[in-house]
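First comes the structure, then the notes that go with it.
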Amino acid sequence: MSERVVLVGYGPVGARLIDGLLPAVREGCIDLTVVGAEPHDVYNRVLLAEYAVGRTDRAGLDMDDRRVAEEAGVRFHLGATVVGVDRHRRVVRLHDGIRLDYDRLVLATGARANVPTLAGMERARRDRASVAATPADLDLGGAPLPRGVVALRDLADAELVRTAVSAGRRIVVLGAGVLGMELALAAAEAGAEVVVAYHSAAPMNRTLDENGGRVLAAAATAVGVEMAHHARAESILLRHDDHGQAWFDGLVCADGKVLAGDLLVLSCGVAARTEVASLAGLATSTGILVDGSSRSWTDPNVFAIGDCAHVADPADADASGRVPGGPSGLVGPGWRQADRLAALLSSGVAAAAPVERPGVVMLKAEGIDVVAGGAVDADPFSHAPGCHGP
């Protein structure tokens, strides 16, 4: 009898798992059902900024052909969201009333953009523990972001940025991490007027030391990007059109400086989507807590992979229950998790999890090369682990 597997999440990591399970699906060993919140086929989120500035078209984002999976027997529910999980009966309930029975449940729900607390912009559902009632309010909830404010996490956001860039609008990017800097540099090259606001002394402060960050800031300024350092955002200004609709008009900083703009792009990091796991009573921390085989700490029939998965050993929890670490935030580890889980679900044999090494961060920008690895705050005179001698 086929083992029923329900996969919640149809992003790059979920798609990787589908590919790995297709042989078992074709053999009739696995009955696979996929639930995706967006109505689109899977696309490469890493390239959203490229699409937003016109460097690639929609077809350039496509990753897999859903028809191949459907012909193999995989069933898809796209534009759907999970509103209930009964782990005792092993049933997943969707927003439209559909109920999916499972033997194994895999969560690949990814991450959502962090939305800062700014006057004039209510925090949205992404900051609440409640579960969305429909796909439309999966991230937005009852308080959608104001018009002219996006987070560039999906195609809808990318379309808004693409329109602003093609029209040569002024774009304010809040946050100077690697994704924020990539977007700012690409948008400026495409003809938009761009200003980057960040609270630290230099950009990419989690990846570069201050001197390296200052070099990057100077290079960005040289190609037309305005860099606003030590800019602690406090509120946004809104303008109203002829129909009375409010639109973003400017970002107000703590020192009173106003960064005027037509579009605000939030690049303030991400947080794992753990609502479905919490709803199901699964253990969570900064992500859904799983062991090295991606199996939930709470339920051996539930797994999590990708940006929503916090891989840790239960023995690592401290006296207060706090678990160190968190989701990697990189697609490479997520793909490796998907590959190992596909092998486990197909054969029942768990492969040993490799030791994940610190990633190397590369800034993708025309004319500016940045590659960083290691600890930003390391003592240059201390010994590296495993090294000996002076």
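The values are calculated or read from the model by the stated rules, or taken from the named source; none is laboratory data. In this text the structure is predicted, and so the values were computed from the model without any measurement. Neighbour counts are summed over all protein chains in view; Cβ atoms, including those assigned to glycine, are modelled from backbone coordinates with ideal geometry.
In the stretch 3-25 there is at least one residue that is assigned to a helix (DSSP H, G or I), β-branched (Val, Ile, Thr), assigned by TED's automatic domain parsing to the domain that holds residue 335 and closer than 30 Å to residue 187 by Cα.
Would you pick out the residues in the stretch 199-222 that are of a type outside the set (A, V, I, L, M, F, W, C), touching a residue at least 12 places away in the same chain (Cβ under 8 Å) and closer than 22 Å to residue 50 by Cα?
As a first pass, look at the stretch 199-222 and keep what is of a type outside the set (A, V, I, L, M, F, W, C): 199-200, 203, 205-207, 209-214, 221.
Filter again for touching a residue at least 12 places away in the same chain (Cβ under 8 Å), leaving 199-200, 203, 205-207, 209, 212-214.
Residues satisfying the conditions are 203, 207.
Can you name the residue in the stretch 23-42 that is surrounded by 19 or more Cβ atoms within 10 Å (Cβ to Cβ) and over 21 Å from the mean Cα position of the chain (by Cα) and, of all such residues, is nearest to residue 76 (Cα to Cα)? The qualifying residue nearest to residue 76 (Cα to Cα) is 32. Taken together, the residues in the stretch 332-343 that are crowded, with 18+ Cβ neighbours inside 10 Å and either in contact with a Ser or Thr (Cβ under 9 Å, 6 or more places away or on another chain) or modelled with pLDDT under 90 (or both) amount to 5. A residue that is among the acidic types (Asp, Glu), closer than 30 Å to residue 186 by Cα and touching a strand residue (DSSP E or B) at 6+ places or on another chain (Cβ under 6 Å) cannot be found anywhere in the stretch 236-247.
Looking across the stretch 225-283 at every residue that is among the basic types (Lys, Arg) and touching a residue at least 24 places away in the same chain (Cβ under 8 Å), the one that is surrounded by the most Cβ atoms within 10 Å (Cβ to Cβ) is identified as 273. All conditions but one from (1) at pLDDT 95 or above; (2) part of a loop (DSSP other than H, G, I, E, B) apply to residue 255; the one that does not is (1).
For beta carbons closer than 9 Å, sequence separation of 6+ or different chains, a first residue in the stretch 18-31 that is under 9 Å from residue 2 (Cβ atoms) and a second that is of a type in the set (Asp, Glu) and surrounded by 17 or more Cβ atoms within 10 Å (Cβ to Cβ), the qualifying pairs are 25/31. Between a residue in the stretch 156-175 that is in contact (Cβ under 8 Å) with a residue 24 or more places away in the chain and any residue that is of a type in the set (S, T, N, Q) and part of a loop (DSSP other than H, G, I, E, B), which pairs come within a Cβ distance under 8 Å, given they are 6 or more apart or on different chains? Final answer for the pair search is 173/267; 174/267; 175/267. Has the stretch 43-58 got any residue that is loosely packed, with under 14 Cβ neighbours inside 10 Å, assigned to a loop (DSSP other than H, G, I, E, B) and modelled with pLDDT of 90 or more? Yes, the stretch 43-58 contains a residue that is loosely packed, with under 14 Cβ neighbours inside 10 Å, assigned to a loop (DSSP other than H, G, I, E, B) and modelled with pLDDT of 90 or more.
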